[in-house]
1. Assuming R0 = 22 Å, what is the FRET efficiency of VAL122 and TRP28, from their Cβ-Cβ distance, to the nearest 0.05?
2. Give a quick list of trypsin sites (Lys or Arg not before Pro) in segment 83-113 that DSSP marks as loop, anything other than H, G, I, E or B, with at most 16 other Cβ atoms within 10 Å.
3. Keeping all protein chains in position, work out how much accessible area LYS218 exposes to a 1.4 Å probe, and write it in Å² to the nearest 10.
4. For LEU200, LEU229, LEU18, LEU168, give the ranking by accessible area with the largest first, probe 1.4 Å.
5. Could you point to the residue in ILE108, VAL23, MET146 farthest towards the positive end of the chain's charge dipole, with +1 and -1 charges on the Cβ of Lys/Arg and Asp/Glu respectively?
6. Could you derive backbone 3J(HN,Hα) for segment 140-147 from the dihedral phi with the Karplus parameters 6.51, -1.76 and 1.60 (θ = phi - 60°), listing whole Hz in sequence and x where the residue is Gly or Pro?
7. Excluding MET69 itself, calculate the net charge of residues whose Cβ lies under 15 Å from the Cβ of MET69, where each Lys or Arg counts +1 and each Asp or Glu counts -1.
8. Could you check the spin-label model distance between ASP131 and ARG103? Points 7 Å from the Cα along Cα→Cβ, value in nm.
Amino acid sequence: MKRSLPGRIWPNATAVLLVIGLVFPVYWMFATAFKKTPDIVSETPVWFPTDITFEHFKTAIDAENFGTMVRNSLTVTILAVVFSLILALAGSFALARMRFKGRRGFVIGFMVAQMAPWEVMVIAIYFIVRDADMLNSLIPLTAFYMVMVLPFTLLTLRGFVAAVPKELEESAMVDGCTRRQAFVKVILPLLAPGLMSTSLFGFITAWNEVPMVLVLNKQAEFQTLPLWLTQFQTQFGDDWGATMAASSLFAIPILILFVFLQRKAVSGLTDGAVKG
(Lines give C-alpha, C1' and ligand atoms only; values in the text may rest on other atoms or scores of the structure.)
Protein backbone atom coordinates (compact mmCIF):
# COMPACT_ATOMS: atom_id res chain seq x y z
CA MET A 1 0.00 0.00 0.00
CA LYS A 2 1.42 3.35 -1.07
CA ARG A 3 1.89 5.98 1.59
CA SER A 4 0.46 9.47 1.22
CA LEU A 5 2.63 12.37 0.12
CA PRO A 6 3.02 13.80 3.68
CA GLY A 7 3.91 10.29 4.85
CA ARG A 8 6.80 10.22 2.36
CA ILE A 9 7.94 13.80 2.89
CA TRP A 10 8.50 13.69 6.65
CA PRO A 11 10.88 10.70 6.71
CA ASN A 12 12.84 12.09 3.77
CA ALA A 13 13.01 15.55 5.32
CA THR A 14 14.16 14.06 8.63
CA ALA A 15 16.86 12.06 6.85
CA VAL A 16 18.06 15.18 4.97
CA LEU A 17 18.27 17.19 8.22
CA LEU A 18 20.14 14.36 9.91
CA VAL A 19 22.66 14.17 7.06
CA ILE A 20 23.15 17.94 7.11
CA GLY A 21 23.70 17.87 10.87
CA LEU A 22 26.33 15.13 10.53
CA VAL A 23 28.12 16.52 7.48
CA PHE A 24 28.14 20.22 8.39
CA PRO A 25 30.84 20.00 11.13
CA VAL A 26 33.13 18.22 8.66
CA TYR A 27 32.42 20.82 5.98
CA TRP A 28 33.02 23.68 8.44
CA MET A 29 36.34 22.17 9.52
CA PHE A 30 37.62 21.93 5.95
CA ALA A 31 36.15 25.33 4.98
CA THR A 32 37.78 27.05 7.95
CA ALA A 33 41.13 25.48 7.08
CA PHE A 34 41.03 27.25 3.69
CA LYS A 35 39.83 30.65 4.97
CA LYS A 36 42.08 33.58 5.69
CA THR A 37 42.32 34.61 9.32
CA PRO A 38 40.10 37.76 8.98
CA ASP A 39 37.30 35.60 7.57
CA ILE A 40 37.68 33.09 10.40
CA VAL A 41 37.41 35.65 13.21
CA SER A 42 34.79 37.76 11.44
CA GLU A 43 31.57 38.37 13.40
CA THR A 44 29.62 37.56 10.23
CA PRO A 45 30.14 33.89 9.33
CA VAL A 46 31.72 33.27 5.93
CA TRP A 47 29.87 30.16 4.79
CA PHE A 48 31.68 29.68 1.49
CA PRO A 49 35.34 30.77 1.36
CA THR A 50 36.09 32.64 -1.84
CA ASP A 51 39.59 33.90 -1.02
CA ILE A 52 41.26 30.53 -0.46
CA THR A 53 44.62 30.17 1.28
CA PHE A 54 46.87 27.19 1.99
CA GLU A 55 48.88 29.01 4.64
CA HIS A 56 47.16 27.18 7.51
CA PHE A 57 48.06 23.81 6.03
CA LYS A 58 51.66 24.94 5.68
CA THR A 59 51.67 25.96 9.34
CA ALA A 60 50.33 22.56 10.37
CA ILE A 61 52.74 20.58 8.19
CA ASP A 62 55.71 22.63 9.38
CA ALA A 63 54.79 22.01 13.02
CA GLU A 64 57.32 20.08 15.08
CA ASN A 65 57.29 16.27 14.70
CA PHE A 66 54.40 16.24 12.20
CA GLY A 67 56.13 13.92 9.72
CA THR A 68 57.41 11.60 12.45
CA MET A 69 53.98 11.19 14.02
CA VAL A 70 52.29 10.60 10.66
CA ARG A 71 54.78 7.81 10.00
CA ASN A 72 54.26 6.36 13.49
CA SER A 73 50.47 6.45 13.15
CA LEU A 74 50.48 4.76 9.77
CA THR A 75 52.94 2.13 10.97
CA VAL A 76 51.14 1.06 14.14
CA THR A 77 47.66 1.32 12.60
CA ILE A 78 48.39 -0.68 9.45
CA LEU A 79 50.36 -3.35 11.32
CA ALA A 80 47.63 -3.68 13.96
CA VAL A 81 44.92 -4.07 11.31
CA VAL A 82 46.93 -6.60 9.27
CA PHE A 83 47.86 -8.77 12.25
CA SER A 84 44.32 -8.67 13.66
CA LEU A 85 42.90 -9.74 10.28
CA ILE A 86 45.35 -12.66 10.06
CA LEU A 87 44.48 -13.91 13.56
CA ALA A 88 40.77 -13.25 13.10
CA LEU A 89 40.67 -15.19 9.81
CA ALA A 90 42.09 -18.28 11.50
CA GLY A 91 39.93 -17.87 14.60
CA SER A 92 36.71 -17.16 12.70
CA PHE A 93 37.20 -20.26 10.55
CA ALA A 94 37.68 -22.40 13.65
CA LEU A 95 34.61 -20.95 15.38
CA ALA A 96 32.38 -21.24 12.32
CA ARG A 97 33.46 -24.65 11.01
CA MET A 98 34.68 -26.64 14.00
CA ARG A 99 32.86 -27.95 17.06
CA PHE A 100 34.91 -28.14 20.24
CA LYS A 101 34.35 -28.02 23.97
CA GLY A 102 34.14 -24.49 25.35
CA ARG A 103 33.35 -22.93 21.97
CA ARG A 104 30.34 -20.98 23.24
CA GLY A 105 32.24 -19.70 26.27
CA PHE A 106 35.07 -18.63 24.01
CA VAL A 107 32.67 -16.57 21.88
CA ILE A 108 31.06 -15.03 24.96
CA GLY A 109 34.51 -14.13 26.27
CA PHE A 110 35.29 -12.26 23.07
CA MET A 111 31.96 -10.41 23.30
CA VAL A 112 32.72 -9.36 26.85
CA ALA A 113 36.20 -8.21 25.77
CA GLN A 114 34.57 -6.13 23.05
CA MET A 115 32.27 -4.42 25.57
CA ALA A 116 34.91 -3.74 28.22
CA PRO A 117 36.36 -0.20 28.24
CA TRP A 118 40.08 -0.40 27.50
CA GLU A 119 40.78 2.65 29.64
CA VAL A 120 40.41 0.58 32.82
CA MET A 121 43.45 -1.48 31.76
CA VAL A 122 45.77 1.44 31.10
CA ILE A 123 47.55 1.26 34.47
CA ALA A 124 48.02 -2.53 34.32
CA ILE A 125 49.32 -2.36 30.75
CA TYR A 126 51.69 0.43 31.70
CA PHE A 127 53.28 -1.66 34.48
CA ILE A 128 53.60 -4.69 32.18
CA VAL A 129 55.28 -2.65 29.45
CA ARG A 130 57.50 -0.85 31.96
CA ASP A 131 58.65 -4.10 33.55
CA ALA A 132 59.44 -5.44 30.07
CA ASP A 133 61.54 -2.30 29.45
CA MET A 134 59.53 -1.44 26.32
CA LEU A 135 58.32 2.06 27.09
CA ASN A 136 58.76 4.57 24.26
CA SER A 137 58.44 1.93 21.58
CA LEU A 138 55.98 1.28 18.77
CA ILE A 139 55.94 -2.49 19.40
CA PRO A 140 53.70 -2.57 22.54
CA LEU A 141 51.48 0.13 21.02
CA THR A 142 50.97 -1.99 17.90
CA ALA A 143 50.24 -5.05 20.03
CA PHE A 144 47.70 -3.16 22.10
CA TYR A 145 45.89 -1.81 19.03
CA MET A 146 45.79 -5.29 17.53
CA VAL A 147 44.25 -6.74 20.69
CA MET A 148 41.83 -3.81 20.86
CA VAL A 149 40.31 -4.43 17.41
CA LEU A 150 40.65 -8.23 17.38
CA PRO A 151 37.35 -9.16 19.16
CA PHE A 152 35.18 -7.18 16.73
CA THR A 153 37.16 -8.43 13.75
CA LEU A 154 36.91 -12.08 14.80
CA LEU A 155 33.19 -11.99 15.63
CA THR A 156 32.30 -10.20 12.41
CA LEU A 157 34.34 -12.52 10.19
CA ARG A 158 32.84 -15.51 11.99
CA GLY A 159 29.45 -14.46 10.66
CA PHE A 160 30.81 -14.27 7.13
CA VAL A 161 32.53 -17.65 7.28
CA ALA A 162 29.36 -19.24 8.64
CA ALA A 163 27.38 -17.69 5.78
CA VAL A 164 29.54 -19.41 3.15
CA PRO A 165 28.00 -22.83 2.33
CA LYS A 166 30.16 -25.60 3.68
CA GLU A 167 29.48 -27.56 0.49
CA LEU A 168 31.68 -25.16 -1.49
CA GLU A 169 34.64 -26.01 0.68
CA GLU A 170 33.87 -29.72 0.56
CA SER A 171 33.59 -29.61 -3.24
CA ALA A 172 37.00 -27.98 -3.49
CA MET A 173 38.48 -30.67 -1.25
CA VAL A 174 36.88 -33.39 -3.38
CA ASP A 175 38.56 -31.80 -6.42
CA GLY A 176 41.94 -32.23 -4.75
CA CYS A 177 42.38 -29.10 -2.62
CA THR A 178 43.67 -29.34 0.92
CA ARG A 179 41.66 -27.63 3.65
CA ARG A 180 44.06 -24.68 3.54
CA GLN A 181 43.82 -24.42 -0.26
CA ALA A 182 40.02 -24.58 -0.09
CA PHE A 183 40.00 -21.77 2.43
CA VAL A 184 42.36 -19.59 0.40
CA LYS A 185 40.81 -20.24 -3.03
CA VAL A 186 37.11 -20.58 -2.16
CA ILE A 187 36.24 -18.98 1.15
CA LEU A 188 38.69 -16.10 1.31
CA PRO A 189 37.45 -14.35 -1.89
CA LEU A 190 33.88 -14.51 -0.55
CA LEU A 191 34.98 -12.77 2.66
CA ALA A 192 35.92 -9.53 0.85
CA PRO A 193 32.99 -7.47 2.28
CA GLY A 194 33.79 -8.66 5.80
CA LEU A 195 37.48 -7.92 5.39
CA MET A 196 36.65 -4.42 4.12
CA SER A 197 34.29 -3.57 6.97
CA THR A 198 36.48 -4.94 9.74
CA SER A 199 39.64 -3.35 8.37
CA LEU A 200 37.87 0.02 8.15
CA PHE A 201 36.64 -0.29 11.73
CA GLY A 202 40.06 -1.37 12.95
CA PHE A 203 41.80 1.45 11.12
CA ILE A 204 39.47 4.10 12.57
CA THR A 205 39.74 2.68 16.08
CA ALA A 206 43.54 2.48 16.09
CA TRP A 207 43.99 5.77 14.23
CA ASN A 208 41.96 7.74 16.79
CA GLU A 209 43.34 6.18 19.99
CA VAL A 210 45.00 8.63 22.41
CA PRO A 211 45.16 7.45 26.08
CA MET A 212 47.49 4.48 25.55
CA VAL A 213 50.09 6.33 23.50
CA LEU A 214 49.96 9.15 26.03
CA VAL A 215 50.80 6.72 28.84
CA LEU A 216 53.31 4.45 27.10
CA ASN A 217 55.25 6.84 24.86
CA LYS A 218 56.44 10.03 26.47
CA GLN A 219 59.10 10.74 23.86
CA ALA A 220 57.83 12.68 20.85
CA GLU A 221 59.59 10.48 18.29
CA PHE A 222 57.42 7.52 19.37
CA GLN A 223 54.09 9.34 19.61
CA THR A 224 51.26 9.28 17.09
CA LEU A 225 49.20 11.85 15.21
CA PRO A 226 46.13 11.95 17.53
CA LEU A 227 48.36 13.01 20.43
CA TRP A 228 50.04 15.61 18.21
CA LEU A 229 46.59 16.97 17.38
CA THR A 230 45.59 17.28 21.05
CA GLN A 231 48.74 19.32 21.69
CA PHE A 232 48.30 21.46 18.58
CA GLN A 233 45.93 24.01 20.12
CA THR A 234 48.35 24.54 23.00
CA GLN A 235 51.21 25.21 20.59
CA PHE A 236 49.40 27.70 18.38
CA GLY A 237 46.99 29.29 20.85
CA ASP A 238 43.95 30.73 19.09
CA ASP A 239 45.15 30.04 15.55
CA TRP A 240 41.89 28.41 14.51
CA GLY A 241 42.92 28.22 10.87
CA ALA A 242 45.99 26.11 11.66
CA THR A 243 43.99 24.02 14.15
CA MET A 244 41.32 23.25 11.55
CA ALA A 245 43.99 22.51 8.95
CA ALA A 246 45.66 20.07 11.33
CA SER A 247 42.29 18.43 12.04
CA SER A 248 41.63 18.15 8.31
CA LEU A 249 44.99 16.51 7.71
CA PHE A 250 44.22 14.05 10.50
CA ALA A 251 40.81 13.19 9.00
CA ILE A 252 41.92 12.84 5.36
CA PRO A 253 43.29 9.24 5.59
CA ILE A 254 40.04 8.01 7.15
CA LEU A 255 37.92 9.85 4.57
CA ILE A 256 39.97 8.44 1.70
CA LEU A 257 39.73 4.92 3.11
CA PHE A 258 35.99 5.25 3.66
CA VAL A 259 35.37 6.56 0.13
CA PHE A 260 37.13 3.54 -1.37
CA LEU A 261 35.63 0.96 0.99
CA GLN A 262 32.23 2.41 1.96
CA ARG A 263 30.09 0.26 -0.34
CA LYS A 264 31.75 -2.97 0.69
CA ALA A 265 32.02 -1.84 4.32
CA VAL A 266 28.30 -1.06 4.72
CA SER A 267 27.21 -4.39 3.22
CA GLY A 268 29.86 -6.12 5.29
CA LEU A 269 28.69 -4.68 8.58
CA THR A 270 25.04 -5.59 7.94
CA ASP A 271 25.69 -9.07 6.55
CA GLY A 272 28.21 -10.04 9.21
CA ALA A 273 25.89 -8.83 11.97
CA VAL A 274 22.94 -11.06 11.08
CA LYS A 275 24.49 -14.26 9.72
CA GLY A 276 26.10 -17.13 11.60
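1. 0.10
2. When the trypsin sites (Lys or Arg not before Pro) of segment 83-113 are filtered for loop state and at most 16 Cβ neighbours within 10 Å, ARG99, LYS101 remain.
3. Accessible surface of LYS218 is approximately 140 Å².
4. Descending order: LEU18, LEU168, LEU229, LEU200.
5. ILE108
6. Per residue, the Karplus-derived 3J(HN,Hα) values read x, 5, 5, 5, 5, 4, 4, 5 Hz.
7. On the way: positive: ARG71, LYS218; negative: ASP62, GLU64, GLU209, GLU221.
With Lys, Arg at +1 and Asp, Glu at -1, the neighbours total -2.
8. For the pair ASP131/ARG103, the computed spacing is 3.6 nm.
The values are calculated or read from the model by the stated rules, or taken from the named source; none is laboratory data. It should be emphasised that the depicted structure is a prediction, and the values quoted were computed from it without experimental measurement. Ideal geometry is used to build each Cβ from the backbone, glycine not excepted, and the neighbour counts take in all protein chains shown. Each accessible area value is taken on the protein alone, full model and side chains, heavy atoms only, with ligands, DNA and RNA left out. Shrake-Rupley method; radii C 1.70, N 1.55, O 1.52, S 1.80 Å.
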